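Data first, discussion second: the structure below is written as structure tokens.
Bear in mind that the values in this text are calculations on the coordinates, not laboratory data. Here the structure is a predicted model, which means the values were calculated and not measured. FYI the Cβ positions are ideal-geometry reconstructions off the backbone, even for glycines, and counts take in every protein chain you see.
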Amino acid sequence: MKPSASPFSAGLRCRCPRCGRGKLFQGLLSVAPVCAVCGLNLKNEDSGDGPAVFVGFVISVLVIGLAIVLELLFHPPFWVHYLIWPPVVIGGSIWLLRPFKATMIALQYRHRQL
């Protein structure tokens, strides 16, 4: 069966790479064993460490840029940076990891089908 969903659309919405409607995750980052809508077996889908690397690149560029802007505009003491940036890095990484992982799984699925 040819995939009907765009890998980027399915990935950003964290949906099944084949039908684009079923939920891909059953927990925070655990891939569901089977798509509830189309029945696609998802047990062997693995994105490896790729999403974490990409999220690290994105978050580091954003945080470094924002930290520089904050420093240049307001000149806060260093403890303000220590207070602000760790939660931003952790929260941003958790927030971005699901869609990056789902997109990588959808792209892997699409390229196996072609």
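In table form, for the structure just shown:
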quantity	calculated
Ellipsoid equivalent to region 43-90 - semi-axes via the Cα gyration tensor, in Å	31, 11, 5
Debye, to nearest 20: dipole size of region 7-113, +1 on Lys, Arg Cβ, -1 on Asp, Glu Cβ	660
Mean residue ellipticity (222 nm) of the chain, computed from DSSP H runs ≥ 4 via -39,500 (n - 2.57), nearest 500	-20500 deg cm²/dmol
Estimated Rh, region 7-113: Kirkwood, alpha-carbon pairs, angstrom	15.3
Degrees separating the helix 50-74 axis from the principal Cα axis of the chain, which is the longest one	20
Fewest-first ranking of K23, K101, using other Cβ atoms within 10 Å as the exposure measure	K23, K101
Crossing angle, helix 78-113 versus the chain [Cα axis fit, 0-90 degrees, rounded to tens]	20
Cβ-isolated cysteines (cut-off 4.7 Å), the chain	C14
Sequence-distant residues sharing a close amide H with F25 (under 5 Å, placed H)	A32
